[in-house]
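To start, the structure itself, in structure tokens.
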Amino acid sequence: MKVDEQALIRAALAARNNAYAPYSGFRVGAALLAEDGTIYTGCNVECASFSATNCAERTALFKAVSEGRRSFRALAVVGGKEDWADAQPSPCGVCRQALYEFCQEDLLVLLARDEEHFTRCTLGQLLPLGFGPEKVR
Ligand SMILES: [Zn+2]
């Protein structure tokens, strides 16, 4: 099954509309494609107690995992400040680690400004020599 990259980016852009980022103004959307074709979306949710903030990528991942999904094919991430014309989002270290728990190193990751302007990479490129479940089991 070929990944519809534009559809995944559109889903991330739509999710970004729900971002709750009153403190940073850094609004992010993410869309995670499960192996069965379902797209799980997420946005960042900030809290006045900043450490309770959750990123868009983990929101999407935890939604999917909470609904029983354990296998994923692709992730699109969009967002930034309001004047994000040149923004290219990138998952933070915590999100990279959380994704590594459930995704293969070849997970396709789209770091997108819009449906036409994006960079393709893999989770393995974002988290080389990652520490994952296989090291613990
Ligand atoms: Zn993050």
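Considering only segment 80-98, how many residues are in a loop (DSSP other than H, G, I, E, B) and among the basic types (K, R)? Outline the logic, then answer.
Residues of segment 80-98 in a loop (DSSP other than H, G, I, E, B): 81-92.
Narrowing the set further to residues that are among the basic types (K, R) leaves 81.
The qualifying residues number 1.
Right, A30: touching a Gly at 6+ places or on another chain (Cβ under 8 Å) and open to solvent by less than 30 Å² (accessible area, probe 1.4 Å) or not? If you could, list the steps in order and put the result at the bottom.
Details: touching a Gly at 6+ places or on another chain (Cβ under 8 Å): yes; open to solvent by less than 30 Å² (accessible area, probe 1.4 Å): yes.
Yes.
Go over the candidates T41, T53 one by one and state the one that is in contact with a Leu (Cβ under 9 Å, 6 or more places away or on another chain) and surrounded by fewer than 23 Cβ atoms within 10 Å (Cβ to Cβ). Before you say what the answer is, go through the steps one by one.
Working: T53 fails: in contact with a Leu (Cβ under 9 Å, 6 or more places away or on another chain).
That would be T41, the only listed residue that is in contact with a Leu (Cβ under 9 Å, 6 or more places away or on another chain) and surrounded by fewer than 23 Cβ atoms within 10 Å (Cβ to Cβ).
Check T53 against each of (1) in contact (Cβ under 8 Å) with a residue 24 or more places away in the chain; (2) of a type outside the set (K, R); (3) closer than 17 Å to A21 by Cβ and name the one condition it does not meet.
All conditions pass for T53, except number (1).
Kindly indicate the residue of segment 91-114 that is open to solvent by 60 Å² or more (accessible area, probe 1.4 Å) and over 23 Å from E35 (Cβ atoms) and also farthest from the ligand (Cβ to nearest atom) among those meeting that condition.
Per the stated criteria, the residue is R113.
Looking at segment 60-79, is at least one residue more than 10 Å from the ligand (Cβ to nearest atom), part of a loop (DSSP other than H, G, I, E, B), under 16 Å from L111 (Cα atoms) and at pLDDT below 95?
Within segment 60-79, not a single residue is more than 10 Å from the ligand (Cβ to nearest atom), part of a loop (DSSP other than H, G, I, E, B), under 16 Å from L111 (Cα atoms) and at pLDDT below 95.
The values are calculated or read from the model by the stated rules, or taken from the named source; none is laboratory data. Since the model is a prediction, treat every value here as computed from it, not as a measurement. Because the Cβ atoms are built from the backbone with ideal geometry, glycine has one as well, and the counts that use them run over all protein chains shown. Keep in mind that these areas ignore ligands, DNA and RNA; they rest on the heavy atoms of the full protein, side chains included. Shrake-Rupley method; radii C 1.70, N 1.55, O 1.52, S 1.80 Å.
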